[in-house]
1. Which far-off residues, 5 or more places away or on another chain, put their amide H under 5 Å from the one on V46, with H placed in the peptide plane?
2. Out of residues 5 or more away from V123 or on other chains, whose amide H comes under 5 Å of its own, with H placed 1.01 Å from N in the peptide plane?
3. In whole percent, and with a 1.4 Å probe on the protein chains, what portion of the accessible area of the chain is carbon and sulfur?
4. Got a sec? Charge dipole of region 63-133, +1 on Cβ for Lys and Arg, -1 for Asp and Glu; which of G127, P103, W86 is way out at the positive end?
5. State in Å² the accessible area per residue of region 26-153; use a 1.4 Å probe, count heavy atoms of protein chains only, and round to the nearest integer.
6. Could you tell me the distance between the Cα centroids of region 1-62 and region 105-128, to the nearest Å?
7. Report the residue, chosen from P110, P142, P58, that carries the largest GNM mean-square fluctuation when the chain is represented by alpha-carbon nodes joined by springs under 10 Å.
8. Could the peptides 89-97, 144-152, 46-54, 4-12 be put in order, highest first, of the mean number of other beta-carbon atoms found within 10 Å of their residues?
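The values are calculated or read from the model by the stated rules, or taken from the named source; none is laboratory data. Nothing here was measured: the structure is a model prediction, and the numbers come from that model. Cβ placement follows ideal geometry from the backbone for every residue including glycine, while neighbour counts extend to all protein chains displayed. For accessibility, only protein heavy atoms count, side chains too; no ligands or nucleic acids. Shrake-Rupley method; radii C 1.70, N 1.55, O 1.52, S 1.80 Å.
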Amino acid sequence: MKPSSEDALSRELQQRGAFAEGVVVQAAANGPLERLQAVFDHGRLVAIHIYRQVAVGPGGGDVLKISVRRPAARTCVETIGAALNWHGALSFDYILDAAAGVPLFFDANPRLVEPMNAWFSGVDLAGALLKISLGEKPQSQPDGTEGVITRLA
């Protein structure tokens, strides 16, 4: 059996000591790209919004998006925010595993990304972030309306 190019690369990297500190291997995921944005008040979820990328623009941005509800993604992020006692905005990108229906997270950022789909869906992420930054204790907002489509022009 002929060694694959991956085997050769693995041997070369091993010889160079590339694995001395350990490695992380990531497999490809199949499913739609979705984004989740949340606002936390010292670990308490105040507002959350999730949308699916429908059309990709230049650089991979979301030209067209639709609001969705993903209880599994919400639960994961709520757990993360509570465990970190997070205070402020927290955004995640994930692939929704088409077969299992679970989120496969691959990116996180301590900011809001694009809050207008949330706004049109009935979730005021920016307002929630402003309130907690002023030391207020806003009530948790209900989930927004599913199926709201927005676009960047």
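1. V39, F40, D41
2. Excluding prolines and chain starts, which carry no amide H, there are no hits.
3. Details: 5420 of 9400 Å².
Whole-percent figure for carbon plus sulfur exposure: 58.
4. G127
5. Here the per-residue accessible area is 53 Å².
6. Here the answer is 21 Å between Cα centres.
7. The residue that fluctuates most here is P58.
8. Details: 89-97: 20.0, 144-152: 15.0, 46-54: 23.7, 4-12: 10.1.
Sorting 89-97, 144-152, 46-54, 4-12 by mean packing, highest first, produces 46-54, 89-97, 144-152, 4-12.
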